[in-house]
Structures are given as C-alpha cells and as structure tokens.
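For reference, the structure discussed in these notes is given below.
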Amino acid sequence: MNDQIAENMKGKFIMAIPGLPDPNFAQTVTCICEHNESGALGFILNKVHPLLTGRELFEDLGIPCNESIDKIDIFLGGPVQPSGVFVLHCGPFQWSETLKITDWLALSNSRDILEAIAMGQGPDTFIILLGCAGWGPMQLDNELADSAWLTCDMSREIMFDTKPDLKYEKTMMLI
C-alpha cells in the first residue's frame, strides 16, 4: 500500500460533492490547514453556529470583551473537538499558537489572540470556529480518490468577504 499522499491539499478548499449524505459535510466548503502522512486538518467555513453569539463565547471563556464582539459570527468548524476554539486569520501572525497555512493565512488557537479579538485589537480579518474536521493517515487521500470532494485553490474573498450561505455556490464557481 502506498502511504505517500498523492497531492498536498494544505492551503486548498475542498467542497462536498452535491448530494453527499454525511450531514456534517453536506454542502460545505472546508479550508485544509494541514495535510501530510499523519492525516489532515481542516475547518468548515460556511456553517454559522445557530445559537452562540460572540459575546456568549467570550463570556463562557471568561474573556472580557467590548460591544463590537456582538456582531461576530461563530462558525461550526467541524465535528472533531467541538469545544475547541480556533481562529483562521490574516496577519499579524505573532500569536503564541500559530500555524502558517499560506503567505496570507494562519490558524491560531491561543488565548492571546482571543483576548486581542475580544478588545478589538486582533487581526483585522478573521473567523472564529468551534471544532474542526480531521482525517486519519491517508483518509482524505482515499476520499479524494473516491471523488467524495471537489477541490480548488483557496480564495481570501470567499473565506472572509462572502456571506456564509453563498460560500458553497461561489466556491463551486471557482472549479
């Protein structure tokens, strides 16, 4: 069995094929943040938490926040680690727990970035997500080989400037 990944999907979007029966991923756009022989890590970009507000999240975390936090959507990043809080963001990249994905995008999940965002001093461009999507060794590669996903290059505009309910359709147009 070949244990080398066929194509590295880090920094790419994967989209669920139309009609995918898995309710976690039906009509989703997922940003792949890491992909190697150990597996893959990604975040769904178009599922907003139906109940949780930014203020409630920061209050739950015991982080003081200003009133601008009320306007922030909290996204459901995936079914793995559902209580984990992650931030996909543009620069700056100086936070204590940061994984650089592309030259313009990083993933952080440290308290310092959350405290900065809560006070309006974090990155200008970001998405806060609860949970992530994870794949074991070769799992994503096998799903890609089985045509379970469509792929394309990441788009900063779709990630940060497109309304969540339009992201899937707009991403499909990139293919």
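So in the chain, what percent of DSSP beta bridges are antiparallel if you round to the nearest 5? Before the final figure, lay out the partial values.
Working: 30 of 33 bridges.
Roughly 90 percent of the beta bridges in the chain run antiparallel, per DSSP.
Would you mind ranking ASP161, ASP112 so that the residue whose beta carbon has the fewest other beta carbons within 10 Å leads the list? Present the calculation step by step, with values, prior to reporting the outcome.
Numbers: ASP161 9, ASP112 14.
Arranged by neighbour count, lowest to highest, ASP161, ASP112 become ASP161, ASP112.
Quick check on the exposure proxy: order GLU59, GLU67 from fewest to most C-beta atoms within 10 angstrom.
Details: GLU59 14, GLU67 8.
Least to most surrounded, the residues fall as GLU67, GLU59.
Which whole-angstrom value gives the distance between the alpha carbon centres of the range 128-175 and the range 20-89?
The range 128-175 and the range 20-89 have Cα centres separated by 14 Å.
With volume of the Cα convex hull per residue in Å³ in mind, check (1) 131; (2) 159; (3) 113 and report the label derived from this structure.
Here the calculated entry is (3).
Report the extension gain between LYS100 and ALA26 in nm, rounded to one decimal, defined as 0.36 nm multiplied by the number of residues separating them, less their alpha carbon distance.
Values: separation 74, 0.36 × 74 = 26.64 nm, distance 2.74 nm.
Going from the current span to full extension adds 23.9 nm.
Using a simple charge model, +1 on the beta-carbon of Lys and Arg, -1 on the beta-carbon of Asp and Glu, nothing else, what dipole does the chain show about its Cα centre, in debye to the nearest 20? Display every interim value, and only then the final one.
Details: 11 positive and 24 negative charges, 44 e Å.
In debye, rounded to 20, the chain gives about 220.
So for HIS49, HIS89, HIS35, fewest C-beta neighbours within 10 Å to most, what's the order? Display every interim value, and only then the final one.
Details: HIS49 18, HIS89 24, HIS35 21.
Starting with the residue having the fewest Cβ neighbours, the order is HIS49, HIS35, HIS89.
For LYS163, go through the lysines and keep the ones whose alpha-carbon is under 18 Å away, minus same-chain ones fewer than eight residues off.
Straight-distance partners of LYS163: LYS47, LYS71.
Using a 10 angstrom cutoff on alpha carbons, build the Gaussian network for the chain and name the most mobile of PRO23, PRO82, PRO137.
Top of the fluctuation ranking is PRO23.
Given points 7 Å out from each Cα along the Cα-Cβ axis, report the MET173 to MET119 separation in nanometres with one decimal.
Inter-label distance under the simple model: 4.0 nm.
Work out the charge dipole of the range 12-172 with +1 on the Cβ of Lys and Arg and -1 on the Cβ of Asp and Glu about the Cα centre, then indicate which of PHE86, GLY131, GLN27 is farthest towards its positive end.
Looking along the dipole axis, the top candidate is GLN27.
Run the helix sum for the chain: -39,500 (n - 2.57) per DSSP H stretch of 4+ residues, divided by residue count, reported at 222 nm to the nearest 500 deg cm²/dmol. Write out the running numbers ahead of the final one.
Values: 4 runs with 31 residues, N = 175.
Using -39500 (n - 2.57) per qualifying helix, the result is -4500 deg cm²/dmol.
Quick one: net charge around THR53, please, counting Lys, Arg +1 and Asp, Glu -1 for every other residue with C-beta under 10 Å from its C-beta. Write out the running numbers ahead of the final one.
Details: positive: ARG55, LYS71; negative: GLU56, GLU59, ASP70, ASP73.
The answer is -2.
What full-extension length gain, to one decimal in nm, is calculated for PHE93 and GLN139 as 0.36 nm per residue of separation minus the Cα-Cα distance?
Details: separation 46, 0.36 × 46 = 16.56 nm, distance 2.98 nm.
Gain in length upon complete extension: 13.6 nm.
Could you identify which residue out of ALA16, ALA40, ALA26 has the top mean-square fluctuation in a GNM of the chain using Cα springs shorter than 10 Å?
Of ALA16, ALA40, ALA26, the Gaussian network model singles out ALA26 as fluctuating most.
Taking the Cα-to-Cβ direction at GLU37 and at ASP70 and moving 7 Å from each Cα, how far apart do the two end points lie in nm?
5.3 nm
Mind checking which of LYS163, LYS12, LYS47 has the largest fluctuation in a GNM of the chain, springs on alpha carbons under 10 Å?
Most flexible of the set in this elastic network: LYS163.
Every read-out reported here was derived from the displayed coordinates using simple, explicitly stated rules and does not represent laboratory data. Every value quoted in this text rests on a predicted model; they were computed, and no experiment measured them. Every residue, glycine among them, receives a Cβ derived from its backbone with ideal geometry; neighbour counts consider all protein chains shown.
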